[in-house]
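The values are calculated or read from the model by the stated rules, or taken from the named source; none is laboratory data. This is a predicted model, so every value here is computed, not measured. Here the Cβ positions follow ideal geometry from the backbone for every residue, glycine too, while neighbour counts run over all protein chains shown.
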Amino acid sequence: MNNKKETRAKIRFAILSILTIAIVFTIYSSLTKDKNEVLQVGDLAPDFVLTDLEGVSHQLSDYKGQGVFLNFWGTWCKPCQKEMPAMGRQYEVYKDQGVQILAVNIAESDFKVRSFAEQYGMTFPTLIDSTKKVMQTYNIRPLPTTLLINPKGKITKIITGEMSESDIQGYMESIKP
């Protein structure tokens, strides 16, 4: 009889211990996880520094006074493949008018990104977010996602999905200084 009571007590203690550990873990996880607010139109674009394929660092705040067409993309992304040539053509038109493109690849190898950039004739700064920190800061989902940033550094529009060349032209015009 005492043996059964002792076994039940051990089982109860084990269950209670597991529940306590689960509750403590849940509370700890919710208090320590990164809480990135979702960016909205009108917010100041968070600053970041990323390196391009030539090894040059680009800091978003260095572009203050210019419009920034901030595009997040991947080499595997079909809409990205379709819009890159159009972005390149519009970049050639608008780069001397104070509109810059920063194309941020999400954590792919230099080789893949360089090959893609050469294939699609990307002449604008092509950056790699190897740690996905910038992607997380900007809460990027899905690809492609483009943020239009005005010369004062504020987000004026967030576009998800593929853009036509006329869309790109209109967006660049809208952030021109």
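Here ALA86 passes the criteria (1) in contact with a strand residue (DSSP E or B) (Cβ under 8 Å, 6 or more places away or on another chain); (2) touching a residue at least 40 places away in the same chain (Cβ under 8 Å) except the one numbered (1). Within segment 90-127, being surrounded by 14 or more Cβ atoms within 10 Å (Cβ to Cβ) and charged (D, E, K, R) holds for LYS95, GLU108, LYS112, ARG114. Taking first residues from segment 157-177 that are at positive phi and partners that are surrounded by 13 or more Cβ atoms within 10 Å (Cβ to Cβ) and part of a loop (DSSP other than H, G, I, E, B), the Cβ contacts under 8 Å between residues at least 6 apart in sequence or on separate chains come to GLY161/PRO144. Just one of the listed residues (PRO142, PRO151) is under 21 Å from VAL41 (Cβ atoms) and modelled with pLDDT under 95, and it is PRO142.
Quick check, is GLU162 surrounded by fewer than 17 Cβ atoms within 10 Å (Cβ to Cβ) and assigned to a helix (DSSP H, G or I)? It is false that GLU162 is surrounded by fewer than 17 Cβ atoms within 10 Å (Cβ to Cβ) and assigned to a helix (DSSP H, G or I). Could you check segment 36-52 and list, in sequence order, the residues that are in a loop (DSSP other than H, G, I, E, B), surrounded by 12 or more Cβ atoms within 10 Å (Cβ to Cβ) and of a type in the set (Asp, Glu)? Across segment 36-52, the qualifying residues are ASP43, ASP47.
Residues of segment 53-76 that are in a helix (DSSP H, G or I) and either among the β-branched types (Val, Ile, Thr) or surrounded by 15 or more Cβ atoms within 10 Å (Cβ to Cβ) (or both): LEU60, TYR63. With respect to (1) modelled with pLDDT under 95; (2) within 16 Å of ILE159 (Cβ to Cβ), the lone exception for ALA86 is condition (1).
One residue is enough: does segment 103-114 have a residue meeting the conditions in the same structural domain as GLY67 (by TED's automatic domain parsing), in a strand (DSSP E or B) and under 13 Å from LEU60 (Cα atoms)? The answer is yes; a qualifying residue exists. Can you pull out every residue in segment 143-154 that is in a loop (DSSP other than H, G, I, E, B) and not hydrophobic (A, V, I, L, M, F, W, C)? Of everything in segment 143-154, those that are in a loop (DSSP other than H, G, I, E, B) and not hydrophobic (A, V, I, L, M, F, W, C) turn out to be PRO144, ASN150, PRO151, LYS152, GLY153. Residues of segment 116-142 that are free of Cβ contacts under 8 Å to residues at least 24 places away in the same chain, of a type outside the set (S, T, N, Q) and in a helix (DSSP H, G or I): GLU118 alone. Looking only at segment 73-98, residues that are farther than 21 Å from GLU173 by Cβ and of a type outside the set (Lys, Arg) come to 8 in all. So, PRO79, is that one surrounded by 15 or more Cβ atoms within 10 Å (Cβ to Cβ) and under 15 Å from MET163 (Cα atoms) or not? Considered against the rule, which asks whether it is surrounded by 15 or more Cβ atoms within 10 Å (Cβ to Cβ) and under 15 Å from MET163 (Cα atoms), PRO79 comes out as yes.
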